[in-house]
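Note sheet for the following structure.
No lab work stands behind these numbers, since they all come straight from the coordinates. All values reported here derive from a predicted model rather than from experimental measurement. Cβ sites come from the backbone with ideal geometry, for glycine too, and all protein chains shown count toward neighbours.
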């Protein structure tokens, strides 16, 4: 059952008959009592938050960090001066022309192909030697870095050693 009391300031105050309102001194005394009770229980149970036998060790690892960059690389290449492609192309063109000119003769295309091959080889401007060739490549700059890996906590509980790995 709740009882409503009026005061001079016309503010309403609710009070439960079984639990009367406490003053700040009573609240402080009750809080101190609870604190002593919890503290005493922890001490009695031999629970310690920090111990001389507890150690935390950080572990690190080395990594290689690669940074890409694009570079143009040029080098000299030996070319042979092969005239084969010009000879074949001359033979094909000569065969077509020979077939069209000598439609009545059976071997006109063959004769045109032979003559075209000879002319294609003779008129080829392919020459051997060196030629500079350039291309773009991706190169990597490597840098060694040391980074955090994990931590280990070691402690003794009831005479037994424990060790746990964790990340911060």
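Computed over every Cα-Cα pair of the stretch 82-168 and binned at 5 Å starting from 0, the pair-distance distribution P(r) comes out as 3, 11, 10, 7, 6, 5, 4, 4, 4, 3, 3, 3, 3, 4, 4, 4, 5, 5, 4, 3, 2, 1, 0 percent.
Using mean Cβ contacts within 10 Å as the protection proxy, how do 162-168, 96-102, 146-152, 113-119 order, highest first?
On the way: 162-168: 9.0, 96-102: 14.7, 146-152: 11.7, 113-119: 18.0.
Peptide ranking by packing, descending: 113-119, 96-102, 146-152, 162-168.
If R0 equals 41 Å, the separation of the Cβ atoms of residue 55 and residue 141 corresponds to a calculated FRET efficiency of about 0.60. Derived value for the stretch 82-126: Kirkwood hydrodynamic radius 10.1 Å. Basis is the mean of 1/r over every pair of different alpha-carbon atoms.
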